[in-house]
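The values are calculated or read from the model by the stated rules, or taken from the named source; none is laboratory data. Every value quoted in this text rests on a predicted model; they were computed, and no experiment measured them. Note: ideal-geometry Cβ built from the backbone for every residue, glycine included; neighbour counts use all protein chains shown. Just the protein is used for accessible areas: all its heavy atoms, side chains included, with ligands, DNA and RNA removed. Shrake-Rupley method; radii C 1.70, N 1.55, O 1.52, S 1.80 Å.
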Amino acid sequence: MKIHHTLILAFTLFITSCSKDDKPVNLSIARDNVKEYYESGKFDKELNDVIAEAKQHFEKVEFKNNMVVIFDVDETALNNYELAEQMGFGYVYEMNKKWNAEMKAPAIPQVKELYDFLLSKGIKIIFITGRNFPEYEATYENLKQAGYTVFDTLITQIGDEKKMKAREFKSGKRIWLTEQGYEIVGTVGDQWSDLEGYYQGIQVKIPNYLYLIED
């Protein structure tokens, strides 16, 4: 009898342990959920709220001539959702580079709205991207075509900077910009690595459910 009970208990524990809600979501379901979130208007609603709150914070800043807000490029200023969909919400290096070279990415309207708002206040804009220097010209022209026609500079990775972690690279560039005389009053990006580190000012986190950069 004791053996019988022990076997039943062991079997019950095994079944229970396999029923915990700690399994990953099926990849097909996850992709469908992301697609629905972006295309149903839920993403736009979330982003509208983020930008509205950001404008409230920037309204309180007494702007000076040397003040600047740093913007990331991909999934911040420029919208690569079409590319993500083409790649099956994964990553295909060749498709990514071809997309960048063809300068197809449109502006994210809400971020463009924040950009226009900051320009109207006399603030300067600088773009810092993890794209590499060979993509500088295409990125510069894509930003212009998307309506970001006024900015002080665009900074890409070059040389050994390609080996740096995203947070280290972007924080280091903000240190350098501060040494050049800029006062950074805000950072806008879709990854926390765009916002963390030195001299971030008001941090505006753009939602991104397409990918995550953890460094």
Roughly what % antiparallel, to the nearest 5, for the DSSP beta bridges in the chain? 5
For LYS45 and TRP192, extending 7 Å from Cα along the Cα-Cβ vector and measuring point to point gives, in nm, a value of 2.6
Residue-ordered couplings for region 69-75, obtained by feeding phi - 60° into the Karplus form 6.51 cos²θ - 1.76 cosθ + 1.60 and rounding to whole Hz (Gly and Pro as x), are 10, 9, 10, 6, 9, 6, 6
Averaged per residue, the 1.4 Å probe accessible area of the chain, protein heavy atoms only, in Å², is roughly 58
Check which residues have an amide H placed less than 5 Å from PHE71's amide H, if you skip close sequence neighbours. ILE126, PHE127, ILE128, VAL188
Roughly how many nanometres apart are two label points built 7 Å out from the Cα toward the Cβ at VAL25 and THR178? 3.8
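Suppose only helical runs count, i.e. DSSP H with n ≥ 4. What mean residue ellipticity at 222 nm does that imply for the chain under -39500 (n - 2.57) per run, divided by all residues and rounded to the nearest 500 deg cm²/dmol? Could you put the intermediate results ahead of the total?
Working: 9 runs with 103 residues, N = 215.
Result for the chain, helices only: -14500 deg cm²/dmol.
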If one computes the Cα centroid of region 22-45 and of region 113-155, what distance in Å separates the two points? 29
For region 62-215, the Debye formula with one identical point scatterer on each Cα and no solvent gives log10 I(q)/I(0) at q = 0.09, 0.12, 0.13, 0.21 Å⁻¹ as -0.26, -0.47, -0.56, -1.56
Put a dot 7 Å past each Cα toward the Cβ at ASN33 and VAL92; how far apart are the dots in nm? 2.5
Dipole magnitude (debye, nearest 20) for the chain, charges at Cβ of Lys, Arg, Asp, Glu: 400
Tally Lys and Arg at +1 and Asp and Glu at -1 over the other residues with C-beta under 13 Å from the C-beta of PHE169: what net charge comes out? +1
